Amino acid sequence: MNQQIDKAIEFSQVSYYDGSLQILKNITGFFRKGKITTLVGPSGAGKTTLFRLCNGLISPTQGNITVNAKDINQYDPTELRRNVGLALQSATMLSGTVYDNLKLPRTLAGEMLTEEEAEILLTKVGLDKDMLKRKVTDLSGGQRQKVSIARTLVNRPEILLLDEITSSLDRVSRDDIEKLIERINKEFGVTIIWITHNLNQAIQIGDDTWVMMKGELVEYGPSSLLLEPKDQRVKQFVEGEIK
Amino acid sequence: MSFLTLSLALVFVLIPLFLSKTLKLGLEKDTIIATIRSIIQLLAVGYVLTFVFAADHFIYILLMIILMITAATHNARKKGATIRGITWKLVITFVFVEALTQGILIGFKITPAEAQYIIPISGMVIGNSMVLSILFLNRFTAEIESRRDETELILSLGGTPKQAIHYSLITAIKASLIPIVESQKTIGLVQLPGMMSGQIIAGADPIQAVQFQLLILFLLLTTAAVTSIMLGFLSYPTLFNTRMQLLK
């Protein structure tokens, strides 16, 4: 049955060690192409490490990863990273203005991003276009997060990895970003993988959900699994007994 | 100057020893070791140079330069321990800088191809190159650590290792060059360079001493720039693997 499903990213017995410490344990599973998959689990479950593997910033110690049915090692790393966009919770900014940061992906590829294009991107993520020339040091946490998302979108990735991008946003901003991501998914068919600590968000936004704990993929399936988990540990996590 | 006169100069060692003991600075042992080492090392170099100048054979000049490069490499490599293959990168840099500067000096007949000129100038060039390498490596390794997130951000957006490390590399090169550029701005105003002072004390014409000092200053400026840039461009690729991932 699995063979008929279009898979954006597939993991086959993937393990990752940081020195002697095992971060990911034998992960096997896939993210469906064109869908939104939410990734939940307690801190230290290995979720961000999984994203770094998908973006090619690190390689698995054991096992294989395929992106669009092609072995990840067969890709040119720069091509892979433009195709599999990554927006991290830390929302690292380079010193300079918002515009400097937005045009960065194009500059790296030897191309230009016009001010008009940058302004459109800003409005898309719910920021005022007048912010373009503002220094990133003057931005709030939420604004930085939105600029980080906009910057990732500049590459027009086919797969978008979002790590806790709404955790520092207020409710209105969070709703805006959720709508934007859903629109990107529906209109452009971009596959979204979204790490969140907000279980309601995981259920509402996600088509599928992965639950990870201590480096293992404990349970996965339609996001409704969080309403009636089969695994005892997941049940405890959903009920807030495991943080 | 006789050895008896020189021994009187040890008074200048007794003063810091006395101060260290009185103020309990705990520097007595290091001061004594440094004094003994400098006496032995410099006297040994003096005798070796006397022999090399008298022998006037190319092989001895070469051996002296190899010795200088080996010592400079040994000293500088500790600062770049986190960079793979740093020993050979330093050796290549020192050899290149030495060959370039001596090539220009001898090639353009600025200085004669004699041991009396080659060895002291090599000492200054390699010594300066070593200090620059240490300054560069110190700053570069610190930059890599502090800018790790930025480096990975650029990689994650599809940048190449060269693009990702660009800012750290430029910052480290600039920082290592600042001391020499700044010291050249005030030279002669704040302090007289050691070599020029030595020549004047030894009875040389001050103008001739200045001319030679200027030559050395310009030489050291080239040495500094070439050392930092070459070491930087030799070092950064080893921070990444073939998958363009930043190594720990």
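Read-outs: derived from the displayed coordinates by stated rules, not from any lab. Since we're looking at a predicted model, the values are computed, not measured. Counting neighbours? That spans all protein chains shown, and the Cβs are built from the backbone with ideal geometry, glycine included.
List of remarks:
- Convex hull of Cα atoms in the protein assembly as shown, direction-averaged projection (nm²): 32.9 nm²
- Shown is the FRET efficiency for A:Lys135 and B:Ala113, computed with R0 = 56 Å from the Cβ-Cβ distance and rounded to the nearest 0.05: 0.50.
- Mean per-residue shielding of peptide A:66-78 is 2, counting Cβ atoms of other chains within 10 Å of each Cβ.
- Ranking A:Thr123, A:Ala109, B:Ala34 by Cα position along the charge dipole of the protein assembly as shown, where only Lys, Arg, Asp and Glu carry charges on their C-beta atoms, puts B:Ala34 farthest toward the positive end.
- When the square roots of the Cα gyration tensor eigenvalues are ordered a ≥ b ≥ c, the ratio a/c for region A:33-97 is 1.5 or more and a/b does not exceed b/c, which makes its shape oblate.
- Only Cα pairs under 8 Å and 6+ residues apart enter the sum, and on that basis the relative contact order of chain B stands at 21 percent.
- Entry note, region A:43-112: relative contact order of 22 percent, from Cα contacts under 8 Å with a spacing of 6+ residues.
- Rounded to 5, the percent of DSSP beta bridges in the protein assembly as shown classed as antiparallel: 55 percent
- In order along region A:38-50, phi translates into HN-Hα couplings of 9, 10, 10, x, x, 4, x, 7, x, 5, 5, 4, 4 Hz, rounded to whole numbers, per the Karplus curve 6.51 cos²θ - 1.76 cosθ + 1.60 with θ = phi - 60° and x for Gly and Pro.
- Simple label model, 7 Å out from Cα along Cβ direction - B:Leu67 to B:Val181, nm: 3.6 nm
- Relative to one another, the C-alpha centroids of region B:37-77 and region A:189-243 are positioned 69 Å apart.
- Convex hull per residue volume in Å³, alpha carbons only, for region B:146-246: 105 Å³
- Estimated [θ] at 222 nm from DSSP helical runs (n ≥ 4, -39500 (n - 2.57)) normalised by residues in the protein assembly as shown, nearest 500: -18000 deg cm²/dmol
- Pairs from the table (A:Lys35/A:Lys243; A:Lys103/B:Lys89; B:Lys29/B:Lys174; A:Lys124/B:Lys248) lying more than 31 angstrom apart at Cα are A:Lys103/B:Lys89; B:Lys29/B:Lys174; A:Lys124/B:Lys248.
- Unit charges on C-beta of K, R, D, E only; dipole of chain A, Debye: 200 debye
- Rg followed by Dmax, in Å, when region A:90-224 is reduced to its Cα trace: 15.6, 45
- Sites A:Ser20 and B:Leu192, calculated FRET efficiency, Cβ-Cβ separation with R0 60 Å, nearest 0.05: 0.55
- Comparing A:Leu161, A:Ile36, B:Ala175 along the charge dipole axis of the protein assembly as shown, the residue lying farthest to the positive side is B:Ala175, per the Cβ-charge model.
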